[in-house]
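**Student:** Got a structure here, written out as structure tokens. Questions coming.
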Amino acid sequence: MTDVDWTTLREAATTAAASAYCPYSGLQVGVAALVDDGRMVTGCNVENASYGLGLCAECTMVGQLRLSGGGRLVAVACRGGNGELLMPCGRCRQVLYEFGGPECLLDTPAGAMPMSEVLPHAFGPDDLP
Ligand SMILES: O=c1ccn([C@H]2C[C@H](O)[C@@H](CO)O2)c(=O)[nH]1
């Protein structure tokens, strides 16, 4: 596994945010992740007139992860349309945990943090029978 190129991930997240469909909130969100095979996947938020059906950027990103070959998330950066750092919402932390596990790194205001710290004592696949 290569080192994480955070600059590239952050720029890709900001670029992805430009594709957001967010006429209701006005908040463009983009996310980019390094996959364990070295490729990068991205996502953006896609809202809906039925507000509760809106998709977060992290959700469309994991769709791309699966569609482009699967694998595990190694490092994730989330950015707004102006390049500002955004933290994933609680639901999306769970979504990231599913595909990256406790060791996946997230870009936070305090630097790169593992999901085990961003979502402590998480419920996960190992809790199922
Ligand atoms: O982790 C998050 C949090 C929010 N949003 C989106 C959902 C909605 O479109 C907009 C405002 O909440 O931001 C994301 O994409 N990811």
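**Student:** Any chance you could count how many residues in the stretch 111-123 are small (Gly, Ala, Ser) and surrounded by 14 or more Cβ atoms within 10 Å (Cβ to Cβ)?
**Tutor:** The qualifying residues number 2.
**Student:** Test Leu119 against the stated conditions and say whether it is at pLDDT 95 or above and farther than 17 Å from Val35 by Cα.
**Tutor:** Yes, satisfied.
**Student:** Across the stretch 10-61, what is the total count of residues that are without any contact (Cβ under 8 Å) to a residue 12 or more places away in the chain, closer than 17 Å to Pro88 by Cβ and among the small types (Gly, Ala, Ser)?
**Tutor:** The number of residues fulfilling the criteria is 0.
**Student:** Now for a different question. Test Ser68 against the stated conditions and say whether it is under 24 Å from Ser19 (Cβ atoms) and more than 11 Å from the chain's Cα centre (by Cα).
**Tutor:** It is true that Ser68 is under 24 Å from Ser19 (Cβ atoms) and more than 11 Å from the chain's Cα centre (by Cα).
**Student:** Within the group Thr60, Thr42, Thr7, which residue is surrounded by fewer than 17 Cβ atoms within 10 Å (Cβ to Cβ), polar (S, T, N, Q) and either in a strand (DSSP E or B) or at pLDDT 95 or above (or both)?
**Tutor:** Thr7
**Student:** Which of the residues belonging to the stretch 61-90 are within 13 Å of Ala13 (Cα to Cα) and β-branched (Val, Ile, Thr)?
**Tutor:** Val76
**Student:** On to the next question. Considering only residues that are of a type in the set (A, V, I, L, M) and either more than 15 Å from the ligand (Cβ to nearest atom) or in a helix (DSSP H, G or I) (or both), which ones fall in the stretch 65-100?
**Tutor:** Residues satisfying the conditions are Leu65, Leu67, Val74, Ala75, Val95, Leu96.
**Student:** With respect to the numbered conditions (1) within 11 Å of the ligand (Cβ to nearest atom); (2) under 17 Å from Asp107 (Cβ atoms), which one is the sole condition not fulfilled by Gly54?
**Tutor:** In the conditions (1) within 11 Å of the ligand (Cβ to nearest atom); (2) under 17 Å from Asp107 (Cβ atoms), Gly54 misses (2) alone.
**Student:** Checking the structure you have, find out if any residue of the stretch 24-31 is surrounded by 16 or more Cβ atoms within 10 Å (Cβ to Cβ), part of a loop (DSSP other than H, G, I, E, B), within 15 Å of the ligand (Cβ to nearest atom) and polar (S, T, N, Q).
**Tutor:** Looking for residues that are surrounded by 16 or more Cβ atoms within 10 Å (Cβ to Cβ), part of a loop (DSSP other than H, G, I, E, B), within 15 Å of the ligand (Cβ to nearest atom) and polar (S, T, N, Q), one finds at least one in the stretch 24-31, hence yes.
The values are calculated or read from the model by the stated rules, or taken from the named source; none is laboratory data. If you're wondering where the values come from, they're calculated on a predicted model, not measured in any experiment. Cβ coordinates were reconstructed from backbone atoms using ideal geometry, including for glycine residues, and neighbour counts include every protein chain displayed.
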